[in-house]
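The numbers here are math on the coordinates, done by the rules we state, and not lab data. In this text the structure is predicted, and so the values were computed from the model without any measurement. We place every Cβ from the backbone using ideal geometry, glycine too, and count neighbours over all the protein chains shown.
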């Protein structure tokens, strides 16, 4: 046996580690939570790591999973060893080809991080609904329970597939296994060579298509032969279970690690048996061992080979004493007699004519916790004389009463295991530091280590909770920590609302990052926290980590500092050894990033030890500060009962009725709820200086979170204003005599400072000050909170009085998209907000999956809101790939409603009045004034309809609002528009419907972590383009222009904001399809987003991002339809590129390549501009010519 | 006419060296300079601060969003090897050394004591023939004395001297109160060459945008005179070669620098405006000037107007002030 190499890694890396070495080709497409497998493979191929045969696997990213599996199919048919990685909807897109691959008896293993399939809502988390949707494809299905197993079975699956020719889907639980860090003994190349026999690989290749030995596959068959031919595969499938068993036995001989297709654990004479697969099997088996150890006659069968389901082998694993069986499924199949595994077990027992009472239960959907207490509840249920035939566990179903009661105090964890809980922010490095700690302990000591990380759904200021376990025995606990011996809170503000000590065990160590001197810490924390420290007898340590970070040049990254604290006081390792190990890890992690990075981290470690203090805990709580929680006065009932519970991180406690009684079982959710979140995440927020302000409203325009807003209003509205409320005379003639206020929303601002960056007005006596300046939030929060509350009560401007839309006036319109969870400084959301300001009260949004659907619709709160009339954007997300088609469907339906209303109106014209009806049917609805007049006509119509008693009148009353023009917009990122959804988008552009498309172009898959799209520019590094993308960005605008019936605009608000406003209004007014491609700076570009606007300007000035509008209406005016709105290039494209890490890192990796790519990019930019210039001079003949 | 000289221990066929500037980092331009008769090159400075900032910026960009959301645990690929720090500069030294036969002086601006030493070591290992330390101090601190600032510089020089065997030159700022004494201490610390003087960015005020703009304008011959004065003041009095840089454009400028006591002149602006061939032109002009003025060699002229030899040393010492006043006295 080769030398053992034990590492600490997550399930994705563990699987990729095998798959990369066993593949010649991998064709992939990013989707959470499987993306990292492809990314690892791409990184390794970019680093020229080879497969078992000495080749560097070719990793190709496609435009969708449907595309990926198509190419996989092709590669397999050529006889290559090929793999892919996917999850959820991505897997579903592969299904058609999976039938083909299986039907053609193709040796192949795909690796699936199993994830929830979107139903009433999308969920990125783990369950088996995706893999279960593939049962009919003919793929064998092999489930892994943990990181090590996923690593091992990745190889076993290929061995079996090569032997049997049946393709395998190897799956493991998304997030719980794919993202859990645990110890893993790596298979060596020698071991893999022994496992995967060359003759099998040769045979696979020999089956490939080649003109040297021509074959034909994929024929069409008729009723005469298809059926028989289909049955011809049976023998191949019959072999699979025994080959799996053989290969698992051979694997055990080679590695010492033993698996079975169906593995029994528990009492030899068990009477009650639970059947389960996936990570839940670890929880079940550990609980069974614990309870069986106490004499309970219980057991469990871990199902690894789910397809083909080997009845005999399965039943052989079951003790003959078994009387009662509970089958656990991590999926839901509404309307079925039972979930898939349950149905198979029933069928197996029936086929073997074995009798036992079988009940079936669902657990763990969307990574819902599944704990030993829940396992015990299942066994307890089985012990009842009449257990529930169908049940759920892990939730409280108070509607259909299927759920089991769980005693949450039941705990099987060894007291010897160190359990540590860390509360941090996404951006503070807590997760990274903890991953590092796990690697240090897992790889440098004999201890076993496990790490799992829980995130909230926000992209800015997201709270992360890290669950770390360390112990002498292997850690098999795929559930969260409930009793922690160490709790660290890395962000002081969490104490205000979150009960961070809820899971602290008595006598635990509590570490707090507190921005105070050690003497002041105790009285600065809320009384509730003090009380828990006293009651639980916690040891309390504090450090001002942000001060240490600042002093050591680490900025806001407190990862190294808090990690050092953990090692210094947790006692996991001797202090000196731990510090040495941290420094070694720093050198390893940051060594390639340069000496300075290492030096500063070392300094941070040293400074930490000098600034970490144990706080003396008094006998009684003394704080005058109380926790505020999430509930606020004035919250709507639903928000109070449901949303605020979710905001507090206690959504697990909500019963089924919370989602049933409110008529939202279909996934409908109230709008306008971000206003109740008040996240208070900014360190500094802007403060207005009226004397310096020129009232341009640019600050409001660029604000990604609608957290700084202007209002123009009558002076009388100031009655009752707080004394601190600032108001000044409005300066321009359009609303002469009125007052003006610019107000920050202090608790909603994320502190990005884009507003200050864009402010053009400097204080003449002190030019470093502008009309708005950043101040520490805590200094002005309370005052500004009162001011903002008053500000919101001031009436909004009369929209019909806005004569001509421009940047300044657009900002007086109420944003109906506010306080989203988008990144601080996001470059997309200003466009979305503008959309809601311009057309929000009649806006229909079809949103492709991606960042905009996450900050737009990820619970607990949503940012789309309503105006005082209760009108606002209506929003829906269907899928990633179908957004254009879905939005078109919305349009088709809405236009039919409008036509119906018009028909009814025509029918009732004589009764409602000819003038009113004619106005309603024919008046222009362009511009705010006309829309307001149409709304007035609709109101008049409703008044008239009150006096008409007929079914038509009733129906028209219901449908009258459809007489007001709806503005239908398709929103999505470049991943959707350029790649996966391009086919649909292209088709919609070719149709004559009045539909608008806004592409928020970040030039990369931002939501899934920066994978290359066809929008990614040449020379930019992205995942799947690690050495810099070698081809040009697709010119989507030019392609759309080729239809000549579509309005097309390219905008960049940071370069020319008024151009953006013009393009939006023109696109909306154009009566056909419109496409706006909007430059959106993004965290994935790799720079401080506060200079995002400067980068946008540089992009335009250098010609990289030309501004233009193509308006087909101009043709009839005898003008060229294409207008170039940006001047000739006046900046260097390379200067633009060098400011962004995505380009700069290519230069740092390979300067020669960067030179070639940047020169290519400059050349292509020039060529593109030249082409546009030519096009802009083409005047088409008008109809009258 | 023998216009050869020596600098930092190297025998040079002419005294006209291309000074630290971007063309000296470009291989094609370097070849052209050698062809035009450059006897030695000074590479553009490598700034440790820039790399430190760049490292931290790249690190922040890569690590900042780590763990931002469950879907995006990172935003960039993880290459095995980054070329941060001075690696590119080091590579360029190697390439230039392979491209030309003339000696190459690398130029370094460090930020931390460790940085000076580690960069200098890498530069030596890469094969540079000499090292010019491009000293810049933050002089705005209200609490720091000039002596403390000078001591810091000396510490750097001593540390570098200890770490490398390369000939060392120091490029100085004009703004020392006790320049000769400081220079003397530098020489005692092991410096073999002094470059007079650095030209720094001069901030200008944008009166419309209420901002400060920085730009480096090309030099003119007017800037030469303070350099002449200090070269004359130091020549023969400190045991180090003197290089004049900043304002050397014409043959007269070269002559003045040598009369003051320079061993070489470094030229940037003149070459940027007139091209590499100007080197050859100027060398020819220098030889011709020496012939016309019946000098035997350049060496004969060097230092002839230094403080030690000039008939009117007070003119240098008192900055010409007295003489001008005398000129206004009634006859």
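Annotation: peptides A:361-369, A:1081-1089, A:384-392, ranked by per-residue average of other Cβ atoms within 10 Å with the highest first, follow the order A:1081-1089, A:361-369, A:384-392. Computed on segment A:499-566, with alpha-carbon pairs under 8 angstrom and 6+ residues apart, the relative contact order is 38 percent. The value of relative contact order for chain A, using C-alpha pairs under 8 Å at least six residues apart, is 7 percent. Size check on segment A:1037-1111: the Cα extents along the three principal axes, sorted descending, read 39, 22, 20 Å.
The share of Cα pairs per 5 Å bin across segment A:50-95, counted from zero up to the longest distance, runs 5, 21, 28, 23, 14, 8, 2 percent.
Counts of other chain beta carbons within 10 angstrom of each beta carbon in peptide A:758-770 average 1. Using the rule -39500 (n - 2.57) for each DSSP H run of four or more residues, divided by the residues of chain A, the 222 nm mean residue ellipticity is -11500 deg cm²/dmol. Computed packing ranks the peptides A:77-89, A:844-856, A:321-333 as A:844-856, A:77-89, A:321-333, most packed first, by mean other Cβ atoms within 10 Å. If R0 is 51 Å, the Cβ-Cβ spacing of residue A:454 and residue B:136 corresponds to a FRET efficiency of close to 0.55. With the simple model of a label 7 Å out from the Cα in the direction of the Cβ, residue A:205 to residue A:539 spans 6.1 nm.
The share of Cα pairs per 10 Å bin across segment A:610-741, counted from zero up to the longest distance, runs 8, 23, 23, 22, 18, 5, 0 percent.
The radius of gyration of the Cα set in segment B:71-172, together with its Dmax, comes out at 17.3, 56 angstrom. Taking label points 7 Å from Cα along the Cα-to-Cβ direction, residue A:355 and residue B:201 give a separation of 9.0 nm.
Each pair of Cα atoms in chain B enters the Kirkwood radius, and Stokes-Einstein at 4 °C and 1.567 mPa s then converts it into a translational diffusion coefficient of 60 µm²/s.
Counting neighbouring beta carbons within 10 Å and listing from fewest to most, the residues B:294, A:282 come out as B:294, A:282. The label-point distance for residue A:622 and residue A:718, in a model that sets each label 7 Å from Cα toward Cβ, rounds to 4.6 nm.
Stretch residue A:800-residue A:232 to full length: gain in nm at 0.36 nm per residue minus the Cα-Cα span? That works out to 197.2 nm of additional length.
By the count of neighbouring beta-carbon atoms within 10 Å, fewest first, A:279, A:524 end up ordered A:524, A:279. Peptide A:1148-1154 shows a mean partner chain C-beta count of 4 within 10 Å per residue C-beta. As a size descriptor, the averaged projected area of the C-alpha convex hull of chain A was calculated at 52.6 nm². Computed across segment A:506-641, the Kirkwood radius stands at 16.9 Å (inverse of mean 1/r, all Cα pairs). Per-peptide packing, taken as the mean over residues of other Cβ atoms within 10 Å, places A:217-224, A:420-427 in the sequence A:420-427, A:217-224 from highest down. In the elastic network of chain B, a GNM with C-alpha springs shorter than 10 Å, the most mobile of B:76, B:182, B:200 is B:76.
For segment B:207-314, the square roots of the Cα gyration tensor eigenvalues, ordered a ≥ b ≥ c, give a/c of at least 1.5 with a/b no greater than b/c, which places it in the oblate category.
With contributions of -39500 (n - 2.57) from each DSSP H run of at least four residues, the per-residue ellipticity at 222 nm computed over chain B stands at -12500 deg cm²/dmol.
Taking 56 Å as R0, compute the FRET efficiency from the Cβ-Cβ separation of residue B:273 and residue A:732 and round it to 0.05. For residue B:273 and residue A:732, the calculated efficiency is 0.65. Oblate is the label for segment A:17-119. Its Cα gyration tensor axes, ordered a ≥ b ≥ c, give a/c of at least 1.5 and b/c at or above a/b.
Between the beta carbons of residue A:1123 and residue A:517, assuming R0 = 45 Å, the FRET efficiency works out to 0.15 to the nearest 0.05.
Determine how many Å³ per residue the convex hull of the Cα atoms of segment B:132-245 encloses.
Cα convex hull per residue, to the nearest whole number: 129 Å³.
Anisotropy class assigned to segment A:556-625 is prolate, per the alpha carbon gyration tensor with a/c at or over the 1.5 cut-off and a/b larger than b/c. Counting other Cβ atoms within 10 Å as a rough exposure proxy, the listed residues B:289, B:230, B:116 run B:289, B:116, B:230 from fewest neighbours to most.
Spatial offset of segment B:168-225 relative to segment A:906-973 amounts to 77 Å, using the alpha carbon center of each. Residue by residue along A:1019-1025, Cβ atoms of other protein chains within 10 Å of the local Cβ number 2 on average.
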